[in-house]
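Down below is the structure, laid out as structure tokens.
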Amino acid sequence: MNILAVGDIVGLIGIKELKERLPKVREQNNIDFVIVNGENAAEGIGITESNFKDILLSGADCVTMGNHTWGKKEIFKFINAPQLIRPANYPKGVCGKGYNIYTVNNKKIAVINLLGRAEMNIMIDNPFEIGKNIIDKIKKSVDIIVVDFHAEATAEKKAMGFYLDGEITILFGTHTHIQTADEQILEKGTAYITDIGMTGPRNSVIGMDKNVALKRFITALPEKYKIAEGKEAMYNSVMFKVNNDTNKVESITRIN
């Protein structure tokens, strides 16, 4: 079983790059299941219905979100789509679902989306507590558990990896848009990487216009971010090869 996680899609250029790259990557690597983070698809903030459909048509089986889940009002039209998962640690009663279970090649794969709290400035519940509660609830009825931990702080992501080691199959980080080189199998068998990167404008500051980003850092004045222009894009993803007998990850391959 080969599971592919694709880094945060940023803007229409990211969606275009996904359309071009994902079918080839999927075919060349015999990918069975694809998870794409889409919370920046709508020009950096949120996701539209059109974005969502394009990502699915590109070959994604599941779309995870993050701190910009509610960036576009129209998400409420399709928030309950089975392929869409928003962070599970939004307060109780919020629409949408924080995890879903998919059947692929006679295997049940659970995908859980969690949102970090460190340096995020957002009112959410404890991702450690919520994540563990979900895992305890479903672990006996699924074969593979994958967590997309959408978080700013690398320390929070690494701590979550150790906390869930042995409880889940895969934990990958999203949100920082920089692919890290720390892929590893943790002591109790969970596959881990701090961040899988992004798919979007190459000549940018994490997908945003570099001049706007520079002005913000140099002057400390507020400046509205906008998607970087230009046709050149980058594509980041990570492939996890899962042993069909043990349901444990055998290898992790970064694709950049």
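Just to be sure I understand the model, the point goes 7 Å from the Cα along the line to the Cβ. What's the resulting Lys226 to Lys73 distance in nm?
A separation of 2.3 nm, rounded to one decimal place.
Report the extension gain between Lys241 and Ala118 in nm, rounded to one decimal, defined as 0.36 nm multiplied by the number of residues separating them, less their alpha carbon distance.
So the chain would gain 41.2 nm between Lys241 and Ala118.
Simple spin-label model, 7 Å along Cα-to-Cβ: Asn2 to Ile45 in nm?
Rounded to a tenth, the inter-label distance reads 3.9 nm.
At 0.36 nm per residue, minus the direct Cα-Cα distance, what do Leu12 and Cys95 gain on full extension? Give it in nm, one decimal, please.
So the extension gain works out to 27.3 nm.
Whole Å is fine, so just give me how far the alpha carbon centre of segment 130-149 lies from that of segment 214-256.
24 Å
On a full-extension model of 0.36 nm per residue, what is the gain between Asn203 and Leu57, subtracting their alpha-carbon distance, rounded to one decimal in nm?
49.9 nm
Counting Lys and Arg as +1 and Asp and Glu as -1, what is the net charge of the other residues whose Cβ lies under 15 Å from the Cβ of Ile13?
-1
Each value in this text was obtained by applying a stated rule to the coordinates, not by laboratory testing. Bear in mind the structure is a predicted one, so any value in this text is a computation, not a measurement. We place every Cβ from the backbone using ideal geometry, glycine too, and count neighbours over all the protein chains shown.
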